Amino acid sequence: MNTILEVDDLAVRYGGVRALDGVSVRLSDGEIRGLIGPNGSGKSTFIDAISGRKLPASGRIRLFGQEVTRLSAVDRRLRGLSRSFQRTSIFPELTVREQMSLAARRFGSDPGEILEALGLAAHLESLANQLGYGEQRRLDLALALVGSPKLLLLDEPAAGLSRAESLALADMLRALVRDAGTTVCLVEHDMDVIFGISDSVTVFDTGRVIAEGEPKAVRSDPAVRRAYLGSEG
Amino acid sequence: MVLESSLPLPTRQASDSSRSRAARWLVWSVLAVVVTVLAPTLCSARVIAVSSQALMFGFLAMGTGFIHKHSGLLSFGHAVWFGLAGYSVGILATFSGLPIELAIAIGLVLVVALAALVAMVIMRSPGIAFSMLTLAINVAVFELFNRMRGATGGADGFSIALPETIFGVPTTSLQSPQTMFVIMGITTIVTVGALTLFERSHLGQLTLAIRENPERARFIGYDIYWPRVIVFVISAALAAIGGLLFTLYTGFVSPEVLGFMTSGQAMIMAMVGGTAAAWGPVAGALMFFLVRDRVTFLGDHWMLPLGSALIVVMAVWPTGLVGAADFVSRRIRGAARRLHG
């Protein structure tokens, strides 16, 4: 499989704090990569740096074979990298139709299929702030899916969802990879979701990668169990 | 969600069908045109004169309201564009010998170009920094025009040498309150319609989206800087149109029109009227001028009742007249629906 994302020796600082330090990660075309680690370990910062929300202090990011380290978030989005957010990020005072049309127009695509797949087609004329929490999370994901991104970064997509909604989300992500060939990289605290759907898992701790590999191997890694999984493992 | 302003932003209800919306708009537009044409024969000359001026300043208020609605930003300096339009046309018409029509065209282009340059710098600044910058620019421009006696007449201002006709219309007619009221009324109706169409356009939706959540707008692939610049330029152009018409109407320009007090008053008009709909600031301007006309006995203290009214509006009905009208209209429509089963 082709490598679509190459991250080398990435460092991100917040003031004097090194949120990421010497992180190197490779993502292959069509894989689902799970990112896990304790709170503050650097998972979301990693997503922010890859997506262009936060510029790194040093290191290099290559996306689809091209250097994007200093490119803006907009440029990366137009090149096929999309993301959702830990806190729901939608347009509260626009209807579902208005915001999806706005996003779709940028990519010349039809949002109908996404809305159907995410169960939002019945809410087209609703203002986003009138939707329930689960629907708002799905709208956030729908906005990220417009334009058929080649790499999708998801920051805790199952946060606040019910068990059934989390499982449905996992199914949807599997279908996305299978049908559209999208590569997915997701941060998630729900271990059932992460180990259930990921092809490989990267474990962060204090801004560094401490383990990486197939879910089974990562799960039994003593360093990972010590740092994060604990009794869950 | 990132909101730039702590003042109430427009809120929306789920949209009606576009056909019923268009029909409603058509009815209101026709009604507004009829009222505009009939008002000079039905109202006293004083009310018409005050309302004419209110509609001119209504453009300034529309500019202030437009930028608030489409970027969430509060401008405390839009009188600059109102006054600069008057000064540039006045200076060009009086001192350059250009035909007035050309002076108007060049004057407006100059003001819009300057607004674009300013926007390219200050639209990068977030909320409070933006507001402070607009205030600082306003104070600086006021001081500049107040002190340049040679070109601007300083604090006294200057009378503009207007020809007998402007665009074929006799200048005396333009300076008659009755004629100007009709011109201003029609211009306002057309402008409100244009701004409403803008809101429904792709760019209008994008600017609203950027106001709502600039980060998400970037992550659906949109640059957020240029749409913000365009919003500023449109808002400045609205203020400039008002300033131009006010200058032609009075044949006079002075630093007062670009003072920050004028900007503050425009902000009051916009907030009292409400910025959720384009007509809100115009309604606010009409209310402002008509109330002010009723409290002239207070002399220099005429701002006291207006300030008090503003406090009441912001506390009781922060979405202004637009919010109140929307509330009443929804109640009426709800009652009508219940009546029809």
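The values are calculated or read from the model by the stated rules, or taken from the named source; none is laboratory data. All values reported here derive from a predicted model rather than from experimental measurement. Ideal geometry is used to build each Cβ from the backbone, glycine not excepted, and the neighbour counts take in all protein chains shown. To get the accessible areas, we keep the full protein, side chains included, count just its heavy atoms, and leave off ligands, DNA and RNA. Shrake-Rupley method; radii C 1.70, N 1.55, O 1.52, S 1.80 Å.
Those residues that are under 25 Å from residue B:171 (Cα atoms) and part of a helix (DSSP H, G or I), I need them from the stretch B:118-157; list them, please.
Step one: list which residues in the stretch B:118-157 are under 25 Å from residue B:171 (Cα atoms), which gives B:151-153, B:156-157.
Residues satisfying the conditions are B:151, B:152, B:156.
For residue A:164, indicate whether it is over 17 Å from the mean Cα position of the chain (by Cα) and in a helix (DSSP H, G or I). Spell out the reasoning first.
Details: over 17 Å from the mean Cα position of the chain (by Cα): yes; in a helix (DSSP H, G or I): yes.
Considered against the rule, which asks whether it is over 17 Å from the mean Cα position of the chain (by Cα) and in a helix (DSSP H, G or I), residue A:164 comes out as yes.
Applying the selection to the stretch A:148-176, what residues are touching a Leu at 6+ places or on another chain (Cβ under 9 Å), open to solvent by less than 40 Å² (accessible area, probe 1.4 Å) and modelled with pLDDT under 90?
A:156, A:157, A:158, A:161, A:169, A:172, A:173, A:176, listed by residue number.
Look at the stretch B:205-224 and say how many of its residues are touching a residue at least 40 places away in the same chain (Cβ under 8 Å) and open to solvent by 30 Å² or more (accessible area, probe 1.4 Å). Before the answer, list the steps.
Going through the stretch B:205-224, the residues touching a residue at least 40 places away in the same chain (Cβ under 8 Å) turn out to be B:207-208, B:210-215.
The next check asks that each one be open to solvent by 30 Å² or more (accessible area, probe 1.4 Å); those that pass are B:215.
Matching residues across the stretch B:205-224 total 1.
In the stretch B:306-324, which residues are open to solvent by 40 Å² or more (accessible area, probe 1.4 Å) and free of Cβ contacts under 8 Å to residues at least 40 places away in the same chain?
Scanning the stretch B:306-324 gives B:308, B:309, B:311, B:312, B:315, B:316, B:317.
Filter the stretch B:121-135 down to the residues that are surrounded by fewer than 19 Cβ atoms within 10 Å (Cβ to Cβ) and either basic (Lys, Arg) or closer than 24 Å to residue B:246 by Cβ (or both) and list them by number.
Correct list: B:124, B:135.
Test of understanding: among B:103, B:115, which residue is over 14 Å from the mean Cα position of the chain (by Cα), in a helix (DSSP H, G or I) and modelled with pLDDT under 95? Before you say what the answer is, go through the steps one by one.
Working: B:115 fails: modelled with pLDDT under 95.
It is B:103.
Filtering the stretch A:116-132 down to residues that are in contact with a strand residue (DSSP E or B) (Cβ under 8 Å, 6 or more places away or on another chain) and not in a loop (DSSP other than H, G, I, E, B), which residue is farthest from the other protein chains (Cβ to nearest Cβ)?
First pass over the stretch A:116-132, keeping only residues in contact with a strand residue (DSSP E or B) (Cβ under 8 Å, 6 or more places away or on another chain): A:124-128.
Restricting the remaining residues to those that are not in a loop (DSSP other than H, G, I, E, B) gives A:127-128.
Values: A:127: 6, A:128: 9 Å.
Step by step, filter the stretch A:116-132, then rank; the result is A:128.
Is it the case that the stretch A:51-59 has a residue that's among the hydroxyl-bearing types (Ser, Thr, Tyr), in a loop (DSSP other than H, G, I, E, B), more than 14 Å from chain B (Cβ to nearest Cβ) and surrounded by fewer than 23 Cβ atoms within 10 Å (Cβ to Cβ)? Break it down stepwise before answering.
Quick first cut of the stretch A:51-59, residues among the hydroxyl-bearing types (Ser, Thr, Tyr) only: A:51, A:58.
Within this subset, residues satisfying the condition of being in a loop (DSSP other than H, G, I, E, B) are none.
No, there is no match, as no residue in the stretch A:51-59 is among the hydroxyl-bearing types (Ser, Thr, Tyr), in a loop (DSSP other than H, G, I, E, B), more than 14 Å from chain B (Cβ to nearest Cβ) and surrounded by fewer than 23 Cβ atoms within 10 Å (Cβ to Cβ).
Name every residue in the stretch A:205-225 that is in a loop (DSSP other than H, G, I, E, B) and either open to solvent by 70 Å² or more (accessible area, probe 1.4 Å) or modelled with pLDDT under 85 (or both), in order of residue number. Before you say what the answer is, go through the steps one by one.
Start the filter on the stretch A:205-225 by keeping residues that are in a loop (DSSP other than H, G, I, E, B), which leaves A:206-207, A:214, A:220-221.
Within the stretch A:205-225, A:206, A:214, A:220, A:221 qualify.
If I go through the stretch A:86-100 residue by residue, how many of them are open to solvent by 10 Å² or more (accessible area, probe 1.4 Å) and more than 8 Å from chain B (Cβ to nearest Cβ)?
Number of matching residues: 4.
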